[in-house]
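A short write-up of the structure that comes next.
The values are calculated or read from the model by the stated rules, or taken from the named source; none is laboratory data. It should be emphasised that the depicted structure is a prediction, and the values quoted were computed from it without experimental measurement. Calculation scope for accessible area: heavy atoms of the full protein, side chains included, ligands and nucleic acids excluded. Shrake-Rupley method; radii C 1.70, N 1.55, O 1.52, S 1.80 Å.
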Amino acid sequence: MTSKKTIVILGGGAAGIMTALHLSTLYDVYLVEQKKTLGRKLLVAGKGGFNLTNNAVQDKLVTSYHPFSFLEASLHQFSAQDLRAFLQKIGIDTFVGSSNRVFPVEGVKPVEVLNDLISELTKKGVHILLNHQVVGLNQSSVLLLNESNKEKKLSFDYCVLALGGASWSKTGSNGKWVNLFRSQKIKINTFEPSNCGVNISWSNSFLKSHEGKPLKNIAISVCNFKVKGEALITSYGLEGNAIYPIVKELRLLIKNHEKPILKVDFKPKNSLEDLLKKIKNSKPSQYAKALNLGSHEMALIKQFTSKEEFLDPTSFVKKVKEISILVKSLRSIEESISTVGGVALENLNNDFSLKESPKIYTVGEMVDWDAPTGGFLLQGCFSMAYTVANAINLKLPS
Ligand SMILES: Cc1cc2nc3c(=O)[nH]c(=O)nc-3n(C[C@H](O)[C@H](O)[C@H](O)COP(=O)(O)OP(=O)(O)OC[C@H]3O[C@@H](n4cnc5c(N)ncnc54)[C@H](O)[C@@H]3O)c2cc1C
C-alpha cells in the first residue's frame, strides 16, 4: 500500500481554508496558521457587511478583476453560484442584496460562517496547526516555528501558499512572507494600498461643520473612469464605495507623477439644462433648496467656486456637475481593505503553481491582482483556491 501524499497549506485565511476544503480526503492535508485562530481577516470583513461574493453575471464578474481576465478560467471553474451552492451544502445560506452583493442570511453572524467552515475542515480530517509561523521554504519542506520558538520541519508532496496581502496586520496578513522568497527567482511586486480612502486637505472650518457627513448619490470620476455611489467626509479626506473603485486610477496617476485629481458630480442623474431649469427663478441663497443639496454639499461646492461663479447660474450648475479635488495621497496600506502587490502573475502557471517550483502553488491576496469591494475579493480568493485544489486532486494516481 502506498502512503498518503502530504499537502501543506500555509496561511489559514479565506483562500487557505477553501483550498483545504476542496482537496481530496485521499491526501494528508495540513493547514498552518501563525495566529492562534483561523480566518481572522474573514471576521474583520464580516464586521462591515459581509459580502461573501457578488452575484454579478459572469461577464461582469470576470471583467471586475485586474489584470483583465486573469481569473476568467478560474471563475468559470468555481463561479459565485458555485460558491453559494457549496456554502449552502455545508449549512451556510446566503441571499443577494443591493448591487448583487451576497451576504449570509439575516441573523447569521460572520463567526458562525467561519465556525461552519472550520467544522467542515475537522470533518474532512484536515490537520490544523495553529500558532505556527512559516519561516523557511524549499522544494520539499517548510520550516515552522511554534509559539515557544521550537522549530518543526514539515515535508510535503505539494505546498499551497495562502499567506495573504499586507493590510490589517493584526489579522496576521503582514506581508512578511516575502522574506521566504529572498533567495529564490520569484518576482515579488511591492505592496500598495487598494480599496482605501484618500487624503485631502480640508480646511478646519469645513471639517468642523461637516466631518462625518455622507455625500449620497454622487458620481466620482478620475480620468475617464466614473463610479456612482456614496462618499463619507472624514477628518483625513474621503472614503466609501464611490472612492474605493477609483483608487486604481489614482495610484497610477501618482506613480506617473501626474496630479491625482478626482471630479465630483453631485447630480449625476441631471443634465446641466435640468439643473438650470430647477434654479431658474431662485436667488443664489435658494439654490440649495431648489437642487436639494445639503449644507455640506453646498459648502464643498463653494470651496471650489469663486463668488462670481456662484452668482452666475450657468457657472454654478457647472460646478454642481463637476468640482475637481486634488488628492494628497492614498491612505496607508495598513488600513486599506486590500492590497495589490505580492507574487507577480508572470511567475505563475495557469493553475497558479510557480513556474520555478511547480509543486508549490499560490492563492488569494498574496498574488498581485486587484478587484473592487462588494464580494469580488473573497470570490477571487475562493475561485483560485478551487482551481489549485482541483489541479492537485488531478495528480492523484487513478
Ligand atoms: C475591513 C475589511 C473588510 C473586507 N470586506 C470584504 C468583503 O465584504 N467582501 C470581500 O470579498 N472581501 C472583503 N475584504 C477582503 C478579504 O477579507 C480578503 O481579500 C481575504 O480575506 C484575503 O484572503 P487570503 O486568504 O488571501 O488572506 P488572509 O485572509 O489575509 O489570510 C492569510 C493568512 O496567512 C497567515 N500568515 C501570513 N504569514 C504567515 C506565516 N509566515 N506563517 C503562517 N501563517 C501566516 C495570516 O495570519 C492569515 O491568517 C475585506 C477586508 C478588510 C480588511
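For the chain, report the accessible area per residue in Å² (1.4 Å probe, heavy atoms, rounded to an integer).
On a per-residue basis, the chain sits at 48 Å².
Report the per residue volume, in Å³, of the convex hull enclosing the C-alpha atoms of region 86-225.
In region 86-225, the Cα hull volume divided by residue count equals 260 Å³.
Based on the alpha-carbon gyration tensor of region 1-147, what equivalent-ellipsoid semi-axes (square roots of 5 times the eigenvalues) come out, in whole Å, largest first?
One finds semi-axes of 28, 19, 16 Å for region 1-147.
Rolling a 1.4 angstrom probe over the protein chains, ignoring ligands and nucleic acids, what is the accessible area of Arg331 in square angstrom, nearest 10?
50
Rolling a 1.4 angstrom probe over the protein chains, ignoring ligands and nucleic acids, what is the accessible area of Thr122 in square angstrom, nearest 10?
Ignoring ligands and nucleic acids, Thr122 comes out at about 90 Å².
Sort out for me the Cα centre separation of region 154-172 from region 369-398, rounded to whole Å.
Comparing the Cα centres of region 154-172 and region 369-398, I get a distance of 14 Å.
Given a cut-off of 29 Å, name the pairs among Lys4/Lys109; Lys213/Lys321; Lys170/Lys302; Lys248/Lys278; Lys47/Lys355 whose C-alpha atoms lie farther apart than that in the structure shown.
Lys4/Lys109; Lys170/Lys302; Lys248/Lys278; Lys47/Lys355
What list of ³J(HN,Hα) couplings, whole Hz, do you get for region 90-101 from phi and the Karplus terms 6.51, -1.76, 1.60, once you set θ to phi - 60° and write x for glycine and proline?
Residue by residue, region 90-101 yields 9, x, 10, 7, 10, 9, 9, x, 5, 6, 6, 5 Hz.
Past the 31 angstrom mark, what percentage of all C-alpha to C-alpha distances in the chain do you count?
44
Taking all protein chains as present, what is the carbon and sulfur share of the accessible area of region 105-213, in % to the nearest whole number, probe 1.4 Å?
Here carbon and sulfur together make up 47 percent of the probe-accessible area.
Compare Tyr244, Tyr236, Tyr30 in a GNM of the chain, Cα atoms joined below 10 Å, and give the one with the largest fluctuation.
Tyr236
Quick one: the Cα spread of region 198-330 along its three principal axes, in angstroms, biggest first?
On the principal axes, region 198-330 reaches 46, 32, 25 Å in Cα extent.
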